[in-house]
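Data first, discussion second: the structure below is written as structure tokens.
Here, each number is a calculation from the coordinates, and none is a lab measurement. Predicted model, so just to flag it, every value in this text is computed and none were measured. Cβ sites come from the backbone with ideal geometry, for glycine too, and all protein chains shown count toward neighbours.
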Amino acid sequence: MDKARLYQDGKIGKPVLAREIDDEPWWRRQKTPLICPFCETRVVSQRTTVGRAPRGALFRLAAEQQHEDFCPLNPTEVLQQIAHGSQGVAVIDGDKLHLVLPDDAGQVGAAAPDADTGASAGGGRFGVDITTVRPLLPPLINSAVAIVRFLQKHAFDPDVVAQFKVRRPGEDKAAGWGEFCYGPTTADYARLFAQLTGGQPKPGHPVAVYGRIVAVERNSKDRPYLRLAGGRGFTVRIWSEHDSLLAPLATGAFVLAVGAWDVWTPERGDGTPQLRIFAEEHWQLAHWTYDAATGQSSPPACPPPLSLAQRTLNEFRTATATRKPAPGRTPRPATRPRPSGHPKSAAPPPNATSPGPPPTAPEAPATAVSTGPPTPRPTPGPAVPDTESPEAVPPARPSVPSYPAAPLPAASPPAAPPTTTVSTPSASFDPPAPITSSGPAVPDTAAVSEPALPAQPPVPPRPSTPPRPAGPPRRRSRRGWWPFGRRR
């Protein structure tokens, strides 16, 4: 407890504070009896201790003493009230209260309270009644606030703190209250800072930090933040993207911030690490005032809930942060440069007629020579008559593509052109009747001793490389216009 009352000659005297104990006041030197500030239970004073388990100056119950039933500092009654209003989040196990923690902070806000099961928000005559935070908060936050306010009345007496436990997700054994709530001393903040930065396993559940607001400040971008009492080499700050969540909190108020805490070191400024939290919902911040001299505290409260516009902005930021990156574009296959000149093989134009196979001179027996009239060859288009001798006919090009010709009867192979002056066709077919084709026949002249060969289809010229986009006009350098070459 942080205060007590003097009890002399059967009369209740004036109240005394725990902060006076270290100065050795007269009532401590004279060993004046002390009682609880709310009942007549005997208490004793204890000085500040240092060492491995430092403790501040406080009042605690005397040996074999218990608070009266109506006393608001009676742990038994407080545990019953908290468990009754927790909707199953806080359960009593023997003489201790266990608070069940979820996996993440999102599950805390998912369970909305059905009704206000706590006492009136105005408080009782002592100002320490267990109340429900307004507006209605999740049961876990209400229970945590009630526990912290109760421990505040006892000045966080280790014996009283030991009556509260937490059940972490996935663990059967309950842990101490300090594994969930850190504060109000700088040593508690240092434990959380070391756990987040020292390579230790990070908490797998929401973490609560309790303390007093030292200042309300703004950064270089005019964004407000709350600063608590920091430790050695780091500061404790509460941030939020919404100013409405931090506006009701003022300097000197006590706050309990629940959520995901982390450590961030700014690159600018002094570079002091920050133990920080970003509040995204109103239920993450509960605040109240407390007067240690009188023991009176205001009802707990929290900021107003987010508006529809603010909640939509939160959902957009969450969706943007969790959105998967777009898959990379599949690189398009590189276009192979087209060779210059005539291609070795290419598909015929869509509107062109397929010409016949190139003329060849296969060996054939002499009996296959026909002396009849020349047989016209099927050609895809009109051919120019040839007036030169057969010896002047140029050989066929090997690069001309072979196109499928019309089916021909295989009764007799084509005959080779004779070397005599006798007029014979370059190829004859059985029967001697002319073969009709889609193109006109090649006319025969008297001066020609052999029919003309089919002309090669015209091949349109093709660029050797794909056309390149026109670049900007070339800028004339200074050296080009200087009449005497490069200027020395």
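Things worth noting here:
- Length-normalised contact order for segment 1-70 - Cα pairs under 8 Å, 6+ apart - percent: 31
- Residues in segment 272-295 that a label on Leu17 would reach, taking backbone N under 14 Å of a point 7 Å out along Cα→Cβ: 290-295
- Extending 7 Å from the Cα toward the beta-carbon at both Val161 and Ala292 defines two label points whose distance is 1.5 nm.
- GluC sites (Glu not before Pro) within segment 1-90: DSSP coil, no more than 15 neighbouring Cβ in 10 Å: Glu40, Glu64, Glu68
- Remark: relative contact order (segment 72-313) = 18 percent; criterion is Cα-Cα distance under 8 angstrom and separation of 6 or more residues.
- Projected label points at Asp103 and Glu171, each 7 Å from Cα along the beta carbon direction, are separated by 1.8 nanometres.
- In straight-distance terms, cross-link reach from Lys31 covers every one of the lysines whose alpha-carbon lies under 25 Å from its own, apart from those fewer than eight places away in the same chain; here that gives Lys3, Lys11, Lys14, Lys153.
- Annotation: lysines with alpha-carbon distance below 30 angstrom to Lys202 (same-chain offsets under eight excluded): Lys96, Lys165, Lys173, Lys324.
- For segment 160-206: rounded, prolate or oblate by the Cα gyration tensor [a/c cutoff 1.5]: oblate
- Two-site label geometry, Asp9 and Val216: point separation in nm, points 7 Å out along Cα→Cβ: 5.0
- Global form of segment 1-70, assessed from the alpha-carbon gyration tensor, a/c cut-off 1.5: oblate
- As a proxy for reagent exposure, Lys165, Lys96, Lys153 were ordered by neighbouring Cβ count within 10 angstrom, fewest first; the result is Lys96, Lys165, Lys153.
- Computing FRET efficiency as 1/(1 + (r/R0)^6) for Ala194 and Ser464, where r is the C-beta to C-beta distance and R0 is 51 Å, gives about 0.10.
- Translational diffusion coefficient (Stokes-Einstein; Kirkwood radius from C-alpha pairs) of segment 72-313 at 25 °C, 0.890 mPa s, in µm²/s: 134
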